[in-house]
Structures are given as C-alpha cells and as structure tokens.
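Chemist: Just dropping this structure here.
The values are calculated or read from the model by the stated rules, or taken from the named source; none is laboratory data. Fair warning: this is a prediction, and the values are worked out from it, not measured in the lab. Methodologically, a virtual Cβ is constructed for each residue, glycine included, from the backbone with ideal geometry; neighbour enumeration extends over all protein chains shown. The accessibility values were calculated without ligands, DNA or RNA, using every heavy atom of the protein model including side chains. Shrake-Rupley method; radii C 1.70, N 1.55, O 1.52, S 1.80 Å.
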Amino acid sequence: LKGGLRFQVSAALKEGHVTPTELCQRCLSLIKSTKFLNAYITVAEETALKQAEESEKRYRRGQPLSVLDGIPIAVKDNFNTVGIETTCASNMLKGYISPYNATVVQKLLDQGAVLLGKTNLDEFAMGSGSTDGVFGPVRNPWSYSRQYKEKSVPKSHSEDEESNWVITGGSSGGSAAAVSSFTCFAALGSDTGGSTRNPAAHCGVVGLKPTYGLISRHGLIPLVNSMDVPGILTRCVDDSAVVLGSLAGHDPKDSTTIQDNFKPFELPNLTDVSKISIGIPKEYHAPGLSSEILALWSKAADLFKNAGAKVIEVSLPHTRYSIVCYHVLCTAEVASNMARFDGLEYGHRSDMNKSTESMYAATRREGFNDVVRGRILSGNYFLLKQNYENYFIKAQKVRRLIANDFVKVFGSGVDILLTPTTLSDAMPYMEFIKEDNRTRSAQDDILTQAANMAGLPAINVPTGLSERGLPLGLQFIGQSFQEKQLLTVAKWFEKQVKFPVIQLEVKRHDHGAFQHQKSVSFS
C-alpha cells in the first residue's frame with residue numbers, strides 16, 4: 001500500500017503478487033478502520049469490488065488497460081459520478097445523482113482505475129479547512145500518527161485526541177486525508193485558490209495543480225470557472241505524473257481545454273541541476289509566515305544552490321494585491337454559478353409554495369450554509385451596475401498585472417519558482433474555528449491563489465516535519481504547460497528531502513457525528 005504506482009503496485013499486479021480484488025479489499029478495510037477521519041462521504045464498496053473483478057480478468061488475460069488498471073482511487077465529492085451521489089457536502093445537493101460522469105472520472109474508469117468513493121470537502125469547495133461541509137469536519141491522519149503523539153503533550157490528563165486533532169486544510173481535505181491514510185493510491189481534488197496544494201501540505205502528500213486548460217473541467221461542479229482546475233493528490237511525484245498522463249488533453253465538452261494532443265511522460269531521474277534556475281519571490285515572505293516554514297524555505301534554496309542550481313531572488317510586485325483581487329473575482333463568479341441552484345431542476349426544493357419567488361428564497365436558505373450565502377451576497381454586490389467598473393473590472397485588470405509579473409520573471413530566465421505552500425503547519429480544529437471561514441480563507445490562500453489567477457502549474461512537495469511532528473510542504477510554480485519540467489525538478493527535490501512515512505496508529509474510534517458515511521453501488 002505504500003509503494004509507487006508505476007514501478008511497484010502496477011508491477012506487483014502484473015506479476016500476480018497481489019490481485020486487484022485483494023488490493024481493493026485492503027483499501028476498503030482501511031476506509032472502515034479510519035472512518036473516524038471522516039475523509040469519505042460515500043463509499044462505493046459493491047461497485048469498487050465489481051470493477052476490481054473486471055480488472056482481475058484483464059490481468060489474467062495479460063491485457064491490462066494501463067498502469068492505473070486495478071488501482072484504487074478516490075474522487076472529491078464535487079465531481080459528477082453516474083450512480084453515486086454528488087453532494088458538494090451540502091444540503092442543496094444531498095441525494096443528487098448525476099446522469100453523467102465528469103470527464104476526469106470517465107478517463108480514470110476507462111484506464112481501469114477502481115473508484116472507491118467520494119471524499120469530504122468544505123461546502124461547494126468554499127473554505128480552507130474542510131470543516132464547513134454538512135457532513136462534519138475532516139480529521140488530519142497525522143493527528144493519529146506516532147510522530148505527532150510523541151511531540152504533543154496534553155495540557156491536562158483529560159485532554160486527549162478528541163480535543164487535540166488538527167485540520168487537513170481545504171477544501172480538498174477528504175482527498176488529502178484519503179491518500180495520506182493509505183485508503184487509496186491517488187485522489188482527485190479541485191484547486192481554485194489552493195484547495196489541492198493546501199491540504200496536501202498539511203497532510204504530507206503531493207498535491208498538483210496543473211496548468212489551467214490542461215485537464216477538462218467538464219463535470220466538476222464550478223466554483224470559479226476562470227480559475228478552477230482538477231487537482232491530483234498522490235504520495236509521490238512520480239504518481240502525479242502517471243495520473244496527469246491519463247487525464248490531460250483536449251475535451252470537446254470543455255472549450256477551455258488545450259487543442260493540442262498531450263503526450264504522457266515518464267519523469268527522468270535528474271542528476272544535474274546546474275542548468276536549472278530557481279526563483280525565490282521576496283513577496284512570499286508574507287505576514288504570519290512561521291519561523292519553521294521560513295527556515296525550511298531557506299534550507300531548500302540552499303539545497304538547490306549547493307547542488308549547482310542558479311538561485312536568485314525575484315519580485316512579483318502585485319502579489320500583495322492578489323488576495324483582495326481574488327476575493328472580488330471569486331465571489332462574483334460564485335454568485336453567477338450558484339444561480340443554477342433554484343430548486344426547480346435538481347437538488348433540494350423547499351416545501352414553501354406560496355409563490356415561485358418564496359420557493360426560490362426558501363430553497364436557497366435551506367440548501368446553502370452561511371459561507372455560501374455570504375459569498376453570493378458579496379458577489380452580487382460587486383456585480384451591481386454601479387459597482388461593476390469599480391470592483392469586477394478593476395479586479396480583472398489587477399489579475400492581468402499579477403499574471404504579467406509571472407511572465408516577466410519567467411522571461412528573465414527563471415525556470416521554476418520556489419515558495420512556501422502554507423503559513424504554518426496544520427492548526428488544531430478548536431483553534432481553527434475561532435475565526436470565520438472568510439478570514440481563514442484569506443490567510444490560507446495567500447501563498448497559493450496567485451498561481452490560479454495566472455493559470456500556472458504548481459505542486460506541493462512534502463518537505464519535513466514541524467516541531468509538533470506535523471507535515472510542512474513547499475510549493476514549486478512552473479511555466480504554463482511545462483508540467484514535465486516542473487515535476488522533474490519536484491521529483492529531484494523529493495529525493496533529496498526524504499520525507500518520512502506517516503506512522504499511523506489506528507485504534508477503534510466511534511464518533512456518532514460521523515455516521516453519515518454511506519455504501520452505495522451503481523451499474
């Protein structure tokens with residue numbers, strides 16, 4: 001379960017050391033024993049076992065479909081799946097079953113992957129903690145690791161894991177926790193302002209946000225159309241390349257995807273980094289950046305320098321405006337996208353029947369939480385006729401300046417940017433909820449969302465453990481459609497830092513609040 005996809009797991013399947021069914025059963029067993037993490041909303045046990053059986057037949061014939069054939073995967077619950085509920089962790093879509101698969105889900109199934117289930121998130125992917133969905137918060141597997149337990153001393157005898165557990169980050173926290181706890185080999189997240197990279201950093205896994213347009217968004221329930229990208233969560237960089245190879249390319253159902261054919265690639269083992277130029281953006285030394293992250297960032301820069309790479313400080317001057325700019329554009333697009341949830345065609349419908357207008361209002365009041373309603377209100381305010389020029393248009397102009405900053409830096413000879421992914425290690429849940437969602441999102445997205453506004457590929461690589469025994473990650477930002485170069489450098493770095501494997505201590509946990517997890521099947 002701890003092996004890499006291409007050279008260990010897929011090879012073991014081909015050689016018959018393990019069967020797809022055995023692999024699937026092992027993962028399903030782990031999902032049950034780690035249910036307390038609340039990583040999954042729905043577990044498709046019956047279907048997964050059927051898919052594993054089909055995969056087994058192909059292996060017996062010596063005709064596996066791909067490296068991913070028989071590999072158990074999980075999908076964030078904002079991607080449409082035929083026959084499995086797609087809830088977006090909301091009351092609005094609770095019970096909704098899509099008539100079609102998202103393109104990325106269909107591509108994985110076509111490659112023979114085994115879909116274990118749908119993972120937990122913040123409602124409609126709006127958040128940075130995976131704490132605001134209707135199915136309850138996701139718990140970080142590292143809260144139950146030997147590394148964390150040895151370092152965290154309870155303040156009192158009564159204080160235990162129940163009050164000491166830390167968040168996963170968000171909004172793809174369920175997918176990150178699923179990969180981190182070995183219940184699947186890869187998972188899909190979505191990334192609008194850092195929602196794949198942020199939880200990847202907190203859960204000690206690799207989180208890749210590809211270039212905007214490289215992977216189809218068709219079937220991903222939209223948050224911000226101009227920034228949303230399906231994200232990939234795996235336990236190593238090589239595995240990210242494998243999954244990317246099966247997902248990337250043109251989709252006639254998504255006009256924003258690239259027209260060119262995408263050629264999957266195997267990552268080379270980089271031995272010489274002397275021809276690589278690494279940029280260190282000074283603006284990413286942001287307020288609130290912990291001394292541990294700063295020290296790790298400096299150490300990583302020195303690692304490249306000592307290996308012969310060119311390391312230079314660069315400036316992205318408009319970075320300081322990016323979080324405000326992001327807030328305006330994000331809420332404006334959210335307001336537009338959420339208009340479709342009116343109770344008429346799908347999803348929740350209120351029993352209020354005095355008039356169509358009252359039914360609309362009651363449906364949206366009952367179906368959306370405060371966070372979603374708040375973003376809809378903000379977005380509609382920014383889009384009012386009298387505010388449109390001053391807010392939305394101005395934010396679009398600032399977005400262009402932010403994107404141009406990256407163009408200038410990459411045009412000056414820099415290949416890759418190295419930055420922190422998060423301001424600190426994962427926060428205890430009880431501390432995290434002291435601030436509201438908007439404040440937390442503004443703090444937590446500050447290092448990641450500029451890459452979304454510029455549409456650039458970025459990856460979190462787990463780098464070390466904090467003094468509390470929790471994961472710390474660093475982010476590499478690459479040039480548009482230069483995923484191979486980005487992942488090659490990330491793989492070299494991953495080899496140098498040798499991030500430790502989580503020593504997860506799974507005991508029996510029964511949390512009544514988390515008994516929503518369902519088993520389903522679909523044809």
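Chemist: Looking at (1) in a helix (DSSP H, G or I); (2) over 29 Å from the mean Cα position of the chain (by Cα), which is the one condition that is false for SER350?
Modeler: (1)
Chemist: Output the residue which, of all residues in segment 407-427 that are among the hydrophobic types (A, V, I, L, M, F, W, C) and under 23 Å from the mean Cα position of the chain (by Cα), is most open to solvent (accessible area, probe 1.4 Å).
Modeler: The residue in question is MET427.
Chemist: A further question on this structure: Filter segment 179-201 for residues that are open to solvent by 10 Å² or more (accessible area, probe 1.4 Å) and touching a Phe, Trp or Tyr at 6+ places or on another chain (Cβ under 8 Å) and give the result.
Modeler: Listed by number, the list is empty, since nothing qualifies.
Chemist: Just for segment 347-396: of the residues that are more than 30 Å from SER322 (Cα to Cα) and of a type in the set (A, V, I, L, M, F, W, C), which one is least open to solvent (accessible area, probe 1.4 Å)?
Modeler: ALA362
Chemist: A further question on this structure: Can you name every residue in segment 327-342 that is open to solvent by less than 20 Å² (accessible area, probe 1.4 Å) and not in a loop (DSSP other than H, G, I, E, B)?
Modeler: Scanning segment 327-342 gives VAL328, LEU329, CYS330, THR331, ALA332, VAL334, ALA335, ASN337, MET338.
Chemist: Go through (1) free of Cβ contacts under 8 Å to residues at least 60 places away in the same chain; (2) surrounded by fewer than 19 Cβ atoms within 10 Å (Cβ to Cβ); (3) among the β-branched types (Val, Ile, Thr) one by one and return the number of the condition VAL134 breaks.
Modeler: (1)
Chemist: Pick out the one residue from SER277, SER336, SER291 that is closer than 30 Å to ASN225 by Cβ and out of contact with any Ser or Thr (no Cβ under 6 Å at 6 or more places or on another chain).
Modeler: SER336
Chemist: Which one of the conditions (1) of a type in the set (D, E, K, R); (2) in contact with a Leu (Cβ under 9 Å, 6 or more places away or on another chain); (3) more than 28 Å from ALA335 (Cα to Cα) does GLU162 fail to meet, given that it meets all the rest?
Modeler: Unmet for GLU162, out of (1) of a type in the set (D, E, K, R); (2) in contact with a Leu (Cβ under 9 Å, 6 or more places away or on another chain); (3) more than 28 Å from ALA335 (Cα to Cα): (2).
Chemist: Restricting to segment 454-476, name every residue that is over 19 Å from LEU214 (Cβ atoms) and outside any strand (DSSP E or B).
Modeler: SER466, GLU467, ARG468, GLY469, LEU470
Chemist: With of a type in the set (S, T, N, Q) and over 17 Å from the mean Cα position of the chain (by Cα) as the only criterion, which of ASN120, ASN164, ASN140 stands out?
Modeler: After ruling out the rest, the residue left standing is ASN164.
Chemist: I'd like to check something: does segment 368-387 contain any residue that is touching a Leu at 6+ places or on another chain (Cβ under 9 Å) and more than 17 Å from MET227 (Cβ to Cβ)?
Modeler: no
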